[in-house]
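The values are calculated or read from the model by the stated rules, or taken from the named source; none is laboratory data. Note that the coordinates shown come from a computational prediction; the quantities given were computed from them, not determined experimentally. With ideal geometry, Cβ positions are generated from the backbone for all residues, glycine too; neighbour counts draw on all protein chains shown. Calculation scope for accessible area: heavy atoms of the full protein, side chains included, ligands and nucleic acids excluded. Shrake-Rupley method; radii C 1.70, N 1.55, O 1.52, S 1.80 Å.
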Amino acid sequence: MTLLAVERMKLFSTRSPWWCISLALVLTVGMAAMMAWQWDGPMTLGMTQGGRQLGMMVMLVLAALSVTTEYRFGTIRATFLAVPNRIAALVAKAVVVAVLALVVGEVAAFGSWGLAGVLSPESDLALSGVDAWRQVAGGGLIYGLCAILAVGVGALVRQSAGAITLLLMWPLLLENLISLIPNIGPEIQKWMPFSAVSHFLAADGSGSDMPFGQWAALGYFAAVSVAVFALALFVTHRRDA
């Protein structure tokens, strides 16, 4: 508990987390408001979450900075001197950032859903089943897993620019470029982690050609995130700070 409290204080002792949280909420909820305001006709649940990817990108940046900033200013050495168990220190950081990301994701998701319902009263946006809850509440789960992934990448790369570039370019560009590889590209793309995220959050995956179901897609993305973080734990334990 002491490590969690220390990591929480370190995280919120700078301005960047507050800016990232505010930006993630404004982008996601603001996008839902714009969609509801301009859309001519009833909205679907998926449309209320149109800004989710923007918020996810912001939370990836926040999680990466929680690690790389310490390496940049050398405070990670003081952390490891105070806590010789590096694995415990990094796990505590990941837990704090993941919980924060999960909360931000849920606030953004339900805020977008609620505001869209107010601005578009003719739309049927009732959370009437498991699939409806998955589309809305699932965003928080993805944000939390993204934070674990980003902490792992940040610990492996150590530099803010490199870690942020990798985390932003991978879902936005690289996974789409993989599909252009002749013959095997589309099959490889199905196994990309952020393709699994899109599949999990989709309205209905019954007609999809993905190799797994929507809940299995969540498990797959969780496994990838944990694997990257586990590699970061191993590398951090073995190399110098």
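Quick notes on this one:
- Within the span defined as the stretch 76-83, every residue fails to be within 19 Å of Gly30 (Cα to Cα) and open to solvent by less than 60 Å² (accessible area, probe 1.4 Å).
- Residue match in the stretch 112-123 (condition: assigned to a helix (DSSP H, G or I), crowded, with 24+ Cβ neighbours inside 10 Å and touching a helix residue (DSSP H, G or I) at 6+ places or on another chain (Cβ under 7 Å)): yes
- Pair list, Cβ under 7 Å, 6 or more apart: the stretch 164-187 residue without any contact (Cβ under 8 Å) to a residue 60 or more places away in the chain, other residue assigned to a helix (DSSP H, G or I) and small (Gly, Ala, Ser): Glu175/Ser195; Ile178/Gly185; Ser179/Gly185
- Within the stretch 37-51, tally of residues that are under 23 Å from the mean Cα position of the chain (by Cα) and either acidic (Asp, Glu) or open to solvent by less than 60 Å² (accessible area, probe 1.4 Å) (or both): 7
- Cβ pairs under 7 Å, 6+ apart, first in the stretch 131-150 and without any contact (Cβ under 8 Å) to a residue 24 or more places away in the chain, second open to solvent by 10 Å² or more (accessible area, probe 1.4 Å): Trp133/Leu127
- Complete set of residues in the stretch 191-241 that are open to solvent by less than 60 Å² (accessible area, probe 1.4 Å), closer than 19 Å to Leu90 by Cβ and either aromatic (Phe, Trp, Tyr) or assigned to a loop (DSSP other than H, G, I, E, B) (or both): Phe229, Ala241
Yes/no matrix, rows are residues, columns are (1) touching a Ser or Thr at 6+ places or on another chain (Cβ under 7 Å); (2) at pLDDT below 90; (3) surrounded by fewer than 22 Cβ atoms within 10 Å (Cβ to Cβ); (4) more than 27 Å from Arg158 (Cα to Cα):
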{"residue": "Thr2", "(1), (2), (3), (4)": "no, yes, yes, no"}
{"residue": "Met35", "(1), (2), (3), (4)": "no, yes, yes, yes"}
{"residue": "Gln53", "(1), (2), (3), (4)": "no, no, yes, no"}
{"residue": "Leu65", "(1), (2), (3), (4)": "yes, no, no, no"}
{"residue": "Ile87", "(1), (2), (3), (4)": "no, no, yes, no"}
{"residue": "Ala94", "(1), (2), (3), (4)": "no, no, no, no"}
{"residue": "Leu100", "(1), (2), (3), (4)": "no, no, no, no"}
{"residue": "Val107", "(1), (2), (3), (4)": "no, no, yes, yes"}
